[in-house]
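Colleague: First the structure, which I've put down as structure tokens, then a few questions once you've had a look.
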Amino acid sequence: MTGLAPLLRTLAVTAAAGLLALTGSVAAPAPPASAAPEPRAPREFVALDSVDRTILQEMRYTTPHNFTGVPVDGYRQPLCVLTRPAAEALHRAQVRLLARGYTLKVYDCYRPQRAVDHFVRWAEDLEDERMKKEFYPLVDKSRLFADGYIAERSGHSRGSTVDLTIVRLPAQPTRAYRPGERLVECYAPKEERFPDNSVDMGTGYDCFDTRSHTDDPRITDAQRANRQLLKGVLAEQGFVNLPEEWWHFTFRPEPFPEMYFDFPVARRSVAGH
């Protein structure tokens, strides 16, 4: 009987606890709260590869090879998402470039607001300069907001803005960035910069420097011709270039000129569109 008594007491306590939970005298454990569903894109958005599979995609913000040095919030998959009119306009530009022996390559398309917020937090952290050597070698990080390189809103979040370049065919593969590797200034000669299979545009992508201005007078004639080829082909299809960034174009008229979206960059965001 000595060993039976503790067992009986345990059973009695367990039964009492169950009875209290049933009668409401003791709160039963609450079920775990279900996570809120991720926002989805409006039906006007599509994956670019559903409109044109020939346009190359090197989605930089899904990788650490960008000015923050880490993959950026909101980029779940290396996928270009755009409003359908912008995607279809890129397709028309691509047809013209393919006939000339070139292809478009996109670096960034729709950008969720959470990614822009990530950029803002990074810019406010003046201690984090791991990628300064390549992306903003001559700019004091404390000047990124004042000089217009970082802002709390981005036209990319409206879905009709794209960052892109031109690659001569046949396109050569581009190796992956290795975190911690030696960095080279984004305005260095092309053969010295991080390898990119694009034509020589005078700077790398996302170069925070005035040499990225589309009509900067310091670039060579060949670099200027490449920039003007990109600008001209896209302008024919309704894209307007941002003069401070040779790679940055917005399709006009924008379907969502006043909206800033925050659905993640992922195929499920546009599934069924």
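Just so it is clear, none of the values below were taken in a lab; they were calculated from the coordinates. For clarity, every value in this text was computed on a predicted model and none was experimentally measured. Every residue, glycine among them, receives a Cβ derived from its backbone with ideal geometry; neighbour counts consider all protein chains shown.
Colleague: Report, in degrees rounded to the nearest 10, the 0 to 90 angle that the Cα long axis of helix 221-235 makes with the longest principal axis of the chain.
Modeller: 60 degrees
Colleague: Sticking with this one: Just to be sure I understand, if you calculate Rg and Dmax of the Cα atoms in Å for this structure, which of (i) 19.6, 66; (ii) 18.0, 58; (iii) 25.8, 100 do you get?
Modeller: This structure yields the entry labelled (iii).
Colleague: Turning to a different aspect of this structure: Could you pull out every one of the lysines with an alpha carbon less than 24 Å from that of K141, ignoring same-chain neighbours closer than 8 positions?
Modeller: Straight-distance partners of K141: K132, K133.
Colleague: Which one, L104, F145, F119, is farthest towards the positive end of the dipole of the chain when Lys and Arg carry +1 and Asp and Glu -1 on their Cβ?
Modeller: Final value for the positive-end residue is L104.
Colleague: For every other residue with a beta carbon closer than 11 angstrom to the beta carbon of G74, add +1 if it is Lys or Arg and -1 if Asp or Glu, then tell me the sum.
Modeller: It works out to a net charge of -1.
Colleague: Only Lys, Arg, Asp and Glu count, each charged at its Cβ (+1, +1, -1, -1), so figure out the dipole size of the chain about its Cα centre, rounded to 20 debye.
Modeller: Computed about the Cα centre, the dipole is about 880 debye.
Colleague: Compute the angle between helix 4-23 and the longest alpha-carbon principal axis of the chain, please, reported from 0 to 90 degrees and rounded to the nearest 10.
Modeller: 60 degrees
Colleague: Check which residues have an amide H placed less than 5 Å from D108's amide H, if you skip close sequence neighbours.
Modeller: Result for D108 returns D163.
Colleague: Shifting gears a bit: Using a 10 Å Cβ count of at most 16 others and DSSP loop calls, identify the longest part of the chain lacking such GluC sites (Glu not before Pro).
Modeller: 45-126
Colleague: What does the charge add up to near D163, with Lys and Arg as +1, Asp and Glu as -1, over the other residues with Cβ less than 15 Å from its Cβ? Numbers along the way, then the final one.
Modeller: Details: positive: R60, K105, R111, R158, R227, K231; negative: E58, D108, D196, D206, E244, E245.
Surrounding charge for D163 is 0.
Colleague: Would you mind checking which residues have amide H under 5 Å from V240's amide H? H placed 1.01 Å from N; only 5 or more apart, or other chain.
Modeller: Here T250, F251, R252 satisfy the definition.
Colleague: May I ask for the angle, rounded to the nearest 10°, between helix 113-124 and the longest principal axis of the chain, with both axes built from Cα atoms and the value confined to 0 to 90°?
Modeller: Value to nearest ten degrees: 80.
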